[in-house]
Structures are given as structure tokens and as C-alpha cells.
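The values are calculated or read from the model by the stated rules, or taken from the named source; none is laboratory data. If you're wondering where the values come from, they're calculated on a predicted model, not measured in any experiment. Reconstructed Cβ throughout: ideal geometry from the backbone, glycine too, with neighbour counts over all protein chains shown.
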Amino acid sequence: MTDAAEPRRPRARGRVLLALGLVMLVGMLVVTLFGPLIAPHGAATTSPDSLAGPSAAHWLGTDSIGRDVLSRLIIGGRTTLLITFVAVSIAVAAGLVLGLLSGYVGGLVDELIMRTLDIIFAFPVFLLAIAVVAALGPTVPNLILTIAIVYTPTLARVVRGPVLSVKRWDHVEAARSVGVGEFAIATRHVLPMVISPILVQTSLTLANTIFTVTALSFLGIGPPPPDPNWGGMLSEARQFMELAPLTVIGPAAAIVFATMTFIVLANGLREVLDVGSR
Amino acid sequence: MARVVLVRLAWMLPILLGVSVVAFVLMRALPGDFAQASAGTTELTPDALETIRRSLGLDRPVWEQYLHWLGRILRGDFGDSFVTHKPVLGELLPRLAVTAQLTLMAGLLAMLMGATSGLLSARLRGRTDWVVRGLNGLMLAVPNFVVATLIVLLAGLYFPEIGIFNYTPFLTDPLANLGSLLLPAISLALAVSVTISENTRAAVLEVSSQDFVMVARAKGLHRRTILLQYLVRNALTPVITVTGLQLASLLGGSILIETIFTIPGMGQYLFDSISNRDYPVIQAIVLVAATIVLLMNVLVDIAYARVDARVSYD
């Protein structure tokens, strides 16, 4: 399923997308990293008028117990993004090791790793995440671990595929003939050749993880209170949403913005690095 | 054909076994004690706890517990719910039917929307293509539970007369049932339709540049014949595959959508069981869902072989 029929799109479009994605990402990171400095109010500070509409003091109004929605969004982004980035980093690291091992060593090792990952693959990602979090308890480290586990198989497959063909290329044989060790070949001569699809998949996984983290929080098995997070805010706001629509639209927009950022980045990377459309 | 089916089904067995190990281990990994969760209280005398442990077989070696548990599952006994103390299977099946209906409706909607928009996008190109792809990009970024929440919000604000939360069982009133599942199915279908649309578009574009389509055009076949007999038929393969593979995400998504629209399906059952720490139910749902996904993947493979004669599994 490649876009073979289509003339290769100009790279310029990819560069624009990539730049746009990076700007969105940096903006999001700056706002969340300096959250407590930027946020006009504290995340738990209450004011007497609850469910108020937008005003100069509360740009996005207040929630059902009078907390500032904008401040909670800014501070809630920290928890959501922290879990996302740490979990995806672990999944990428595990995917790299397993995929490289599986694809490069091959044989029985390959069979063993891929069949084990097939088992994880058999579960709907979200269902597995719910089950693991429910079993281990909803804490931040457990959420990170769970998300890392459910996304490792995808990343391992993305690494393994290209490694299978790259390991037969001439430069690998050349390196081996001059006595380069197997480990050095795998990490220095094979890995750099497969980095593009990994970057694209990482970006897509970040988008998926935003979904999983916020959805788990939405179901009430996300990061524990009192720290706000986007999924939890959306879920809490549903009770009074007809009275204060902004309490729902705020976190919804934040979730969509974060997901959009990573999708734009993935598409930009895909076109700039010329990775196949799947 | 029979061989294809058998080989694929045989492949499922080791994976299913692995799935059962995961489901079993998950339950043993719980915080707190399984016996305590079963009793529903932490205030137990050591003696009472010991009696419960023995009655649940928790005093035996883990591998023996696993084999015993697996044996019972194979006979259709998923144990009793910690909350209602009734067999899990009997409680699960009616809810599974509701979820299956929702998932199926969402799948059909997604296929309809995806295949139509993908085909239009690839055949008309130009502005249509641009609009479809833009919409797809947007829909991909809006998670299904956000769509559902916004739908509920909009309906509440502007159409308060629609009863959004009035789930009607199919047997009571089939039409009202379909109506009550329509909005949930749409919120579930949107993101999935994007994947189908993009794949249909790519497949149609690829097929239309093939030589045999040019030959068909050159020998003067009718446009509609080319479209239906050549393009659609050949583009069907990737579309079927993608739709089938999306079933897992539909099933996962229905958990969220059911809790939002208060539909008494498997998702809501799971959600309640998590709040109640009703582990046999969680375990049963995990097992059943994984089995369905595996079966669907096999069906996809078989459908693939049916549609495309070039695929063989020798």
C-alpha cells in the first residue's frame, strides 16, 4: 500500500509540515514546562464564583468548584505530557533493542521475540492498558510502564522490518570482512539506516499515547488527584457542561492540539525523510 | 481454501495460550490479596482468610492453579463474579451482544464513510481530494471520547428533546434501538473511517495506474464497468484488511463510548468491574476481547485469500 501511483510530493510541503509541527511542539513544551510561572492562578486555588463564563480574571472561566480552567489546563498538561514522553521513550528503547535483536540475529531469537510480541498484539491496545492499570493500580509510574508495554510491539516491528533487508546490504558485508564486531555492525552500520521509519513511528506513537493517557484518565484510572490532567478534567466537566461549555471545550481542545502536533510532525517527517506511506 | 483456514486457525492456538497466561498473571499481580478482593473487605481474621484462600485454591503451586483455571475456562466456566456471586459468563454474554452490535454498526459506518470518501478523493482529485484529506487529518486528531463528549454537549445545548442516554434493547423496539446506538456508533466510526479512507484512496490510485486498466480504457470499456469491475474490485483487498484490523480499536473504543452514552455493554461492565475490583470479570473480558480480535484477524486473512487469488499460504 504505497503511494506508488502518485508522483512524489515535493519535499517543500514536508518541510512546512515539519516546521509547523516543531513550532507547535515547542510552544506546547514551553507552556507546560513553565506552567506554574505562566498560569494566572494555582491549579487548586478556588474562587467564589464557580462555573463562571470567561472573564478578564478567568479567560476560560471556572469549573464546578471555582478553579481557573486555563490554569488547570496549563498545569494539567505537565502530568499528561510527562507520562507520554517518558512512556514513549521507554517503548522506543525497548522496541529498538527487541527489533534489532530480532531482525539482525534472526532464527530462533527472532521467532521467540516476535511470537511473544504477537501475544501482546492480540489485545486491543486500550483494553490491555485498562487491564494492566487496573491490576497494578493507577499511579504515574504504573501508567508509564503500561503504555510502554502496549506500544513496544509496534515499534519493534517497525525496527525489525528494514533491519531484515539492510543486514544483507554490501556495506554490512564489507564491515564484517574487515573484522568489525557483530555488535558494532548492528548498532553502527545497520541501525543508522533504519532511523527514518523509527522517527515517523515514534511521532505517531506519541499521538496514540496522548489518546491512551487521556482516555485512561477520562475513565478515572489516570494519574491520581489532586494534580489536574486533561482527560480527568474533561470527564469531571461533563456533569455541568451545559452550564459551562468552556470547561469541556478547554480540555478537549488541549487534547486535540497535542494529538494534532504529533500527527503533523509524523507527516512532516514522513515526507522529508521519504518514508513509505504506511 | 480449507487448508488456508486450518493453517490460520492452528496459528491461533499458541497465541491464545499466551493470552491466557497474560490474563492469569495480570490477576495474580494485583495490589492487595486476591482472597481479600474476593471477600470484598480487608477486615478478615487470618483464619477466615485462610479458608477463602483454600476454597479458591490459592494454597496450591501457581502452575497448578493456572492449569486448573485454564481447564475450567475451556469448559466455559469463567468463575463467579465477586460482586453478584453469579457465573461471569451468563452476565457477560448479553453485554457482549450489545457491544458487538455497536462495534458492527460503527464498523459498517466507518467502511461506508471511508470507502466513499476515499473513492471520491482518488477519482475526482482536485478540490474534493483536498477537502477529504483535510477533514481526515482533522478527524484523526480528535479522539473518539472527545467526539462523544462534544456530541453529548451539543445535543444537550441545542437539541435537549433528543434523549441521548435512552438506550433501548433491540428486542424491545428494534428501531428505537438502532436510533439510540446511532450517535455512539458515529463517534466511534469517525477516526476509523479516516484509516479506511486513506487506504482506499491509495489503493484506487495505485490500481488506476496499472496497465490492465489502461488496456480496459483503450479497448473502450464503459467507465462504470472499469470503475466497478476493475478499480473497486482490486482496491477492495487493502480496504478489507484495514477494516478488519481496525476492529481491535473499535472494540477498545466502545469501552469509552459505552460509559459516555451509558450503554449497558461489555465496556461499561468492564468499567464497573474495575471500580468494584471484580477481577474474574476483568479477566473474562480481557480473554474474550483478545480472542475476538484474533479470530477477526484470521477472518481478514481468509477474506483476503478469497478476494485476491494471488494470495496463497503454501
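Failed condition for A:M241, given (1) under 24 Å from A:V26 (Cα atoms); (2) facing chain B (nearest Cβ under 7 Å), with all others met?
Here A:M241 meets the rest and fails (1).
Could you tell me which numbered condition A:Y151 fails, if it satisfies all but one of (1) surrounded by 21 or more Cβ atoms within 10 Å (Cβ to Cβ); (2) farther than 24 Å from A:V275 by Cβ; (3) among the aromatic types (F, W, Y)?
In the conditions (1) surrounded by 21 or more Cβ atoms within 10 Å (Cβ to Cβ); (2) farther than 24 Å from A:V275 by Cβ; (3) among the aromatic types (F, W, Y), A:Y151 misses (2) alone.
Just one of (1) surrounded by fewer than 17 Cβ atoms within 10 Å (Cβ to Cβ); (2) outside any helix (DSSP H, G or I) trips up B:Y167, so point out which.
Of the numbered conditions (1) surrounded by fewer than 17 Cβ atoms within 10 Å (Cβ to Cβ); (2) outside any helix (DSSP H, G or I), the odd one out for B:Y167 is (1).
Among the residues of region B:259-272, which ones are in contact (Cβ under 8 Å) with a residue 40 or more places away in the chain and within 11 Å of chain A (Cβ to nearest Cβ)?
Correct list: B:I260, B:M266, B:G267, B:Q268.
So which of B:T128, B:T116 is surrounded by fewer than 23 Cβ atoms within 10 Å (Cβ to Cβ) and in contact with a Leu (Cβ under 6 Å, 6 or more places away or on another chain)?
So the residue among B:T128, B:T116 that is surrounded by fewer than 23 Cβ atoms within 10 Å (Cβ to Cβ) and in contact with a Leu (Cβ under 6 Å, 6 or more places away or on another chain) is B:T128.
One residue is enough: does region A:174-192 have a residue meeting the conditions within 29 Å of A:L265 (Cα to Cα) and among the polar types (S, T, N, Q)?
yes
Has region A:71-94 got at least one residue that is without any contact (Cβ under 8 Å) to a residue 12 or more places away in the chain, within 27 Å of the chain's Cα centre (by Cα) and surrounded by fewer than 17 Cβ atoms within 10 Å (Cβ to Cβ)?
There is at least one residue in region A:71-94 that is without any contact (Cβ under 8 Å) to a residue 12 or more places away in the chain, within 27 Å of the chain's Cα centre (by Cα) and surrounded by fewer than 17 Cβ atoms within 10 Å (Cβ to Cβ).
Considering (1) touching a residue at least 40 places away in the same chain (Cβ under 8 Å); (2) within 11 Å of chain A (Cβ to nearest Cβ); (3) within 25 Å of A:L127 (Cβ to Cβ); (4) not basic (K, R), say which one B:G252 fails and leave the rest.
(1)
Residue by residue, here is whether (1) among the polar types (S, T, N, Q); (2) within 14 Å of chain B (Cβ to nearest Cβ); (3) under 14 Å from the mean Cα position of the chain (by Cα) holds:
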| residue | (1), (2), (3) |
| --- | --- |
| A:E173 | no, no, no |
| A:G181 | no, no, no |
| A:T187 | yes, no, no |
| A:V190 | no, no, no |
| A:G222 | no, yes, no |
| A:T247 | yes, yes, no |
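Please find, among B:L188, B:L175, B:L182, the residue that is assigned to a helix (DSSP H, G or I), modelled with pLDDT of 85 or more and exposed (fewer than 14 other Cβ atoms within 10 Å of the Cβ).
The match here is B:L182.
Checking A:G61 against (1) over 28 Å from the mean Cα position of the chain (by Cα); (2) over 30 Å from A:R157 (Cα atoms); (3) surrounded by fewer than 20 Cβ atoms within 10 Å (Cβ to Cβ): exactly one of these is not met. Which one?
Against the list (1) over 28 Å from the mean Cα position of the chain (by Cα); (2) over 30 Å from A:R157 (Cα atoms); (3) surrounded by fewer than 20 Cβ atoms within 10 Å (Cβ to Cβ), A:G61 comes up short only on (3).
What's the total number of residues in region B:1-59 that are farther than 21 Å from B:Q283 by Cα, within 14 Å of chain A (Cβ to nearest Cβ) and modelled with pLDDT under 70?
Summing the residues that are farther than 21 Å from B:Q283 by Cα, within 14 Å of chain A (Cβ to nearest Cβ) and modelled with pLDDT under 70 in region B:1-59 gives 0.
Search region B:79-96 for residues being surrounded by 14 or more Cβ atoms within 10 Å (Cβ to Cβ) and either among the charged types (D, E, K, R) or under 18 Å from B:V293 (Cβ atoms) (or both), and hand back the single one that is farthest from the chain's Cα centre (by Cα).
Once the filter is applied, the top-ranked residue is B:D80.
Out of the residues in region A:94-115 that are within 14 Å of another protein chain (Cβ to nearest Cβ) and at pLDDT 85 or above, which is farthest from B:S273 (Cα to Cα)?
Only one residue tops the list, namely A:E111.
If we keep just the residues of region B:259-304 that are small (G, A, S) and part of a helix (DSSP H, G or I), which is nearest to B:V239 (Cα to Cα)?
Applying the filter and picking the extreme gives B:A303.
Would you point out which residue out of B:L256, B:L294, B:L245 is at negative phi and surrounded by fewer than 19 Cβ atoms within 10 Å (Cβ to Cβ)?
None of the other options fit; the residue is B:L245.
Looking at region A:59-72, is at least one residue part of a loop (DSSP other than H, G, I, E, B) and under 20 Å from A:R160 (Cα atoms)?
Checking region A:59-72: not a single residue is part of a loop (DSSP other than H, G, I, E, B) and under 20 Å from A:R160 (Cα atoms).
So, of the residues in region A:256-277 that are in contact with a Ser or Thr (Cβ under 7 Å, 6 or more places away or on another chain) and in a helix (DSSP H, G or I), which turns out to be farthest from the other protein chains (Cβ to nearest Cβ)?
So the residue we want is A:L273.
Has region A:228-239 got at least one residue that is of a type outside the set (V, I, T) and under 23 Å from A:L96 (Cα atoms)?
no
Residue under question is A:I210, and the condition is that it be at the interface with chain B (Cβ under 10 Å from one of its Cβ atoms), within 30 Å of A:D49 (Cβ to Cβ) and buried (at least 22 other Cβ atoms within 10 Å of the Cβ); does it hold?
Criteria not met by A:I210.
Select from region B:191-211 the residues that are within 12 Å of another protein chain (Cβ to nearest Cβ) and polar (S, T, N, Q) and write down the one among them that is surrounded by the fewest Cβ atoms within 10 Å (Cβ to Cβ).
It comes out as B:S209.
Scan region A:238-248 for residues that are in a helix (DSSP H, G or I) and buried (at least 20 other Cβ atoms within 10 Å of the Cβ) and jot them down.
A:L246, A:T247, A:V248
Which residues, taken from region B:72-91, are among the hydrophobic types (A, V, I, L, M, F, W, C), under 17 Å from B:R277 (Cβ atoms) and assigned to a helix (DSSP H, G or I)?
Of everything in region B:72-91, just one residue is among the hydrophobic types (A, V, I, L, M, F, W, C), under 17 Å from B:R277 (Cβ atoms) and assigned to a helix (DSSP H, G or I), namely B:V88.
Rundown of residues vs (1) assigned to a helix (DSSP H, G or I); (2) farther than 29 Å from B:L228 by Cβ, yes/no style:
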| site | (1), (2) |
| --- | --- |
| B:T103 | yes, no |
| B:T128 | yes, no |
| B:V132 | yes, no |
| B:F145 | yes, yes |
| B:E161 | no, yes |
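Would you confirm whether any residue within region B:226-236 is surrounded by 21 or more Cβ atoms within 10 Å (Cβ to Cβ), within 12 Å of chain A (Cβ to nearest Cβ) and not in a loop (DSSP other than H, G, I, E, B)?
Scanning region B:226-236 turns up at least one residue that is surrounded by 21 or more Cβ atoms within 10 Å (Cβ to Cβ), within 12 Å of chain A (Cβ to nearest Cβ) and not in a loop (DSSP other than H, G, I, E, B).
Specify the residue that is surrounded by the most Cβ atoms within 10 Å (Cβ to Cβ); the eligible residues are those in region B:273-283 that are within 9 Å of chain A (Cβ to nearest Cβ) and among the hydrophobic types (A, V, I, L, M, F, W, C).
For region B:273-283, the residue satisfying everything is B:I282.
Taking the stated definitions as given, is A:T80 among the β-branched types (V, I, T), within 14 Å of chain B (Cβ to nearest Cβ) and farther than 30 Å from B:L13 by Cβ?
Taking the combined requirement at face value, the residue satisfies it.
Does region B:148-178 hold any residues that are among the small types (G, A, S) and in contact (Cβ under 8 Å) with a residue 40 or more places away in the chain, and which are they?
B:A148
When you check A:I83 against the structure, is it modelled with pLDDT of 90 or more and either among the hydroxyl-bearing types (S, T, Y) or in a helix (DSSP H, G or I) (or both), yes or no?
Considered against the rule, which asks whether it is modelled with pLDDT of 90 or more and either among the hydroxyl-bearing types (S, T, Y) or in a helix (DSSP H, G or I) (or both), A:I83 comes out as yes.
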